[in-house]
Ligand code: COA
């Protein structure tokens, strides 16, 4: 598929999706959200892809938010539809992917940009990154999961302060808050993400997708996460990856997982 707002690179089982609207600081317009859905879906179902990395083009921004020019004249119903469709097509979709997704936050991650990073399974940031949810400065609230995922990641008090002030935090503060796992210089951001991705790719991806499901269930009020863990744990015993992992351990050799 040809994308107007993304470019994709695949190497060593890692697919890097780069949002490519640098003149608009990679703001998420409708077309970009649609293309991201298609690209994540394709990477998730592609046998060659073991880990996905998402980043922004240019040195300034990961994503500076949803494209404000597209919703400036919306009314109530349109606003609700925008949030519901965006959450279903992109933000919840990414959070629930069975393939691990790492956000490489290479600059501004604001509004929908921070919400996209938070929907990923974990995040790294470059030392110039600035993160925030500025929606109340526009008379809005975060609509792509930000009011839910930010408190889960940083705690309620910090989330409330970030949302109410509409301010930005720097990468070091984001790391102190647990919002990003590591901060590195900008040139080192993708190589560091790729190094972590390679480490992930050496493990059982069947087991990793079960772990994603179990961890995500702890944030789902509809299910008991401990029950999901029991089910997923048990299901692992029926997989070829489990047989290979335990056989390789006992034979003192490196596992070569058939499901990966
Ligand atoms: N939606 C649409 N366009 C956006 C955008 C967004 N969220 N963020 C940036 N842009 C556009 C700007 O309008 C500008 O376009 P133009 O050159 O055609 O005028 C271009 O990207 C560059 O942005 P600019 O504001 O000139 O860069 P800056 O370095 O002065 O400021 C920011 C950078 C990130 C502080 C500023 O762009 C900003 O505050 N963006 C909006 C952030 C936001 O509120 N996001 C939440 C949306 S719900």
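All of the numbers you see were taken from the coordinates with simple rules; none came from a lab. The shown structure was predicted, so the numbers you read here are calculated from the model rather than taken from an experiment. For neighbour counting, all protein chains shown are included, and Cβ atoms are generated from backbone atoms with ideal geometry for every residue, glycine included.
General observations
- The chain: relative contact order as a whole-number percent, Cα under 8 Å and 6+ apart: 15
- Taking 1, 198, 168 and counting other C-beta atoms within 10 Å, the order from fewest to most: 1, 198, 168
- Prolate/oblate/rounded label for the stretch 60-100 (Cα gyration tensor, a/c 1.5): oblate
- Across all directions, the average projected area of the convex hull around the alpha carbons of the stretch 25-64 is 3.1 nm².
- The chain: most fluctuating residue of 82, 138, 150 per GNM, C-alpha cutoff 10 Å: 138
- Here, the stretch 96-136 yields an orientationally averaged convex hull projection of 2.9 nm² when only Cα atoms define the hull.
- Were the residues from residue 215 through residue 188 laid out at 0.36 nm apart, the gain over their Cα-Cα distance would be 6.9 nm.
- If the Kirkwood radius is taken over C-alpha pairs of the stretch 1-98, then at 37 °C and 0.692 mPa s the Stokes-Einstein diffusion coefficient equals 231 µm²/s.
- Taking label points 7 Å from Cα along the Cα-to-Cβ direction, residue 68 and residue 84 give a separation of 2.7 nm.
- With N counted as the residues of the stretch 114-176, its alpha-carbon radius of gyration over 2.2 N^0.38 Å works out to 1.03.
- Sorted by Cβ neighbour density within 10 Å, fewest at the top, the residues 80, 213, 130: 80, 213, 130
- Angle in degrees between helix 76-86 and the longest Cα principal axis of the chain, rounded to the nearest 10: 30
- Taking other Cβ atoms within 10 Å as a rough exposure proxy, 28, 6 sort from fewest to most as 6, 28.
- Computed over the alpha carbons of the stretch 185-260, Rg followed by Dmax gives 15.5, 43 Å.
- Reciprocal mean inverse distance between Cα atoms of the stretch 23-149 - Kirkwood radius, Å: 14.7
- Take every Cα pair under 8 Å whose residues are at least 6 apart in sequence, average their separation, divide by the length of the stretch 1-138, and the relative contact order is 24 percent.
- Degrees, to the nearest 10: 240-250 long Cα axis against longest axis of the chain: 60
- Spherically averaged projected area in nm², based on the convex hull that wraps the Cα atoms of the stretch 98-252: 10.6
- Rg/Rh for the chain (Cα atoms only, Rh after Kirkwood) is 0.98.
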